[in-house]
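Worksheet for the structure shown next.
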Ligand code: PRP
Ligand code: MN
Ligand code: MG
């Protein structure tokens, strides 16, 4: 798929390398325990699947669906919960799996909501940490790639529902 507005930023090889590194790191931190990955749809569907397969420990998976961007390239600040967890997380070791942290609104609202349900531990794993536009203070415990500003797509991430299928990550040129 070629598109003149897209510029390759992170290759599938680079992504795979980071996913494996994160999986090993989580495996060491949670050895002998069974983690629950909470994958934030839709953006994290591919990262979540790859991370789950790379984990060297027992794991289960559940999903939430949050959205705040719509067709814009900046967060509306209003995070919509479109569907919820099926798994009770009380006393579980929970890791939230996000494709990208940008303003921080999405993660903050989810983190606080899950914390209220008294998990044993609650951590955050994000493939991309975009620090330049953070509006709410929130730090991921596991970070794949830290980037500067710029709107990215591919590997699950969209612009107005396009480009999620691209295996590499691209910068959208304005
Ligand atoms: C995107 C992305 C993260 C969130 C990060 O989701 O997948 O979940 O925004 O941005 P934030 O830190 O500014 O909140 P989006 O709302 O586009 O929904 P989607 O995952 O279905 O694409
Ligand atoms: Mn998302
Ligand atoms: Mg989106």
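Kindly indicate whether residue 32 is farther than 23 Å from residue 111 by Cβ and assigned to a strand (DSSP E or B). Here the answer is no, as residue 32 does not meet what is asked.
Could you pull out the residue among 45, 6, 36, 51 that is farther than 20 Å from residue 135 by Cβ, over 15 Å from the mean Cα position of the chain (by Cα) and buried (at least 16 other Cβ atoms within 10 Å of the Cβ)? Can you show your working first?
Working: 45 fails: over 15 Å from the mean Cα position of the chain (by Cα); 36 fails: over 15 Å from the mean Cα position of the chain (by Cα); 51 fails: over 15 Å from the mean Cα position of the chain (by Cα).
Unique residue meeting the criteria: 6.
Would you point out the residue of the stretch 112-137, among those that are buried (at least 17 other Cβ atoms within 10 Å of the Cβ) and either free of Cβ contacts under 8 Å to residues at least 12 places away in the same chain or not in a strand (DSSP E or B) (or both), that is farthest from ligand 2 (Cβ to nearest atom)? Ranking the qualifying residues of the stretch 112-137, first place goes to 119. In the set (1) away from ligand 3 (no atom under 12 Å from the Cβ); (2) modelled with pLDDT of 95 or more, the condition left unmet by residue 133 is number (2).
Residue by residue, here is whether (1) within 15 Å of ligand 1 (Cβ to nearest atom); (2) touching a helix residue (DSSP H, G or I) at 6+ places or on another chain (Cβ under 8 Å) holds:
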{"site": "29", "(1), (2)": "no, no"}
{"site": "36", "(1), (2)": "no, no"}
{"site": "60", "(1), (2)": "no, no"}
{"site": "64", "(1), (2)": "yes, yes"}
{"site": "80", "(1), (2)": "yes, no"}
{"site": "97", "(1), (2)": "yes, yes"}
{"site": "102", "(1), (2)": "yes, no"}
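Yes/no matrix, rows are residues, columns are (1) over 18 Å from the mean Cα position of the chain (by Cα); (2) more than 20 Å from residue 153 (Cα to Cα):
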{"site": "59", "(1), (2)": "no, yes"}
{"site": "72", "(1), (2)": "yes, no"}
{"site": "81", "(1), (2)": "no, yes"}
{"site": "95", "(1), (2)": "no, yes"}
{"site": "99", "(1), (2)": "no, no"}
{"site": "107", "(1), (2)": "no, no"}
{"site": "112", "(1), (2)": "no, yes"}
{"site": "115", "(1), (2)": "no, yes"}
{"site": "120", "(1), (2)": "yes, yes"}
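Filtering the stretch 1-29 to residues that are modelled with pLDDT under 95 and within 26 Å of residue 105 (Cα to Cα) leaves nothing.
The values are calculated or read from the model by the stated rules, or taken from the named source; none is laboratory data. Worth saying up front: this structure is predicted, and the values here are computed from it rather than measured. Here Cβ is always computed from backbone atoms with ideal geometry, including for glycine, and neighbour counts include all displayed protein chains.
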